[in-house]
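Report on the following structure.
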Amino acid sequence: MSTTDPDCLFCKIVAGEIPATVVASDERTVTFMDINPATRGHALVVPRTHARDLLEIDPEDLAAVARAGQRLAKVSKATLRADGINLINSCGAEAWQTVFHFHLHVIPRYADDPLQLPWVPSAGDQEQIQATGAELKEHYA
Ligand code: AMP
Ligand code: ZN
């Protein structure tokens with residue numbers, strides 16, 4: 001039995017209360033096409049059970065979403081002849097999340113598509129990288 005939020009757009013899609021182009025579903029997840037596709041084939045995988053984001057989702061649901069995302073990546077590559085795939089999740093408004101029901105974007109990539117990496121890679125401060133790594137390591141229980 002999955003938990004739903006009556007005000008949540010993606011819960012309504014999961015429940016079939018608002019239309020979506022569903023391409024796959026299983027016991028824990030539903031996969032449907034994004035209405036504002038970044039590229040041809042852009043789809044979203046969501047857990048049936050409402051969870052706000054990466055920090056709230058049940059790890060078993062997260063695993064099921066990852067499996068469904070991998071399956072779609074393989075199907076997209078074969079069917080749409082994608083050259084690559086991006087899996088993207090945004091956790092929190094500051095990280096670009098706009099719909100607060102966990103979702104994994106599966107974005108097929110094509111050699112000639114217009115998408116760009118949203119940051120410019122440049123060498124970081126080694127001391128700071130190590131200090132931050134040490135800080136994180138210390139807080140693993
Ligand atoms: P995010 O900005 O990472 O929270 O992603 C939300 C995504 O949901 C966006 O890519 C939207 O285009 C997509 N979206 C919003 N409403 C719908 C809808 N009714 N059906 C399908 N996708 C939607
Ligand atoms: Zn929801």
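The values are calculated or read from the model by the stated rules, or taken from the named source; none is laboratory data. Bear in mind the structure is a predicted one, so any value in this text is a computation, not a measurement. Cβ placement follows ideal geometry from the backbone for every residue including glycine, while neighbour counts extend to all protein chains displayed.
Residues satisfying the criterion are present in segment 90-99 (criterion: in contact with a Leu (Cβ under 6 Å, 6 or more places away or on another chain) and without any contact (Cβ under 8 Å) to a residue 40 or more places away in the chain). If you go through segment 47-54 one residue at a time, do you hit one that is among the hydroxyl-bearing types (S, T, Y), farther than 19 Å from Y110 by Cβ, modelled with pLDDT of 95 or more and over 14 Å from the mean Cα position of the chain (by Cα)? For segment 47-54, residues among the hydroxyl-bearing types (S, T, Y), farther than 19 Å from Y110 by Cβ, modelled with pLDDT of 95 or more and over 14 Å from the mean Cα position of the chain (by Cα): present. Of all residues in segment 1-50, exactly one satisfies the criterion of being on the phi > 0 side of the Ramachandran plot and touching a residue at least 12 places away in the same chain (Cβ under 8 Å), namely G41.
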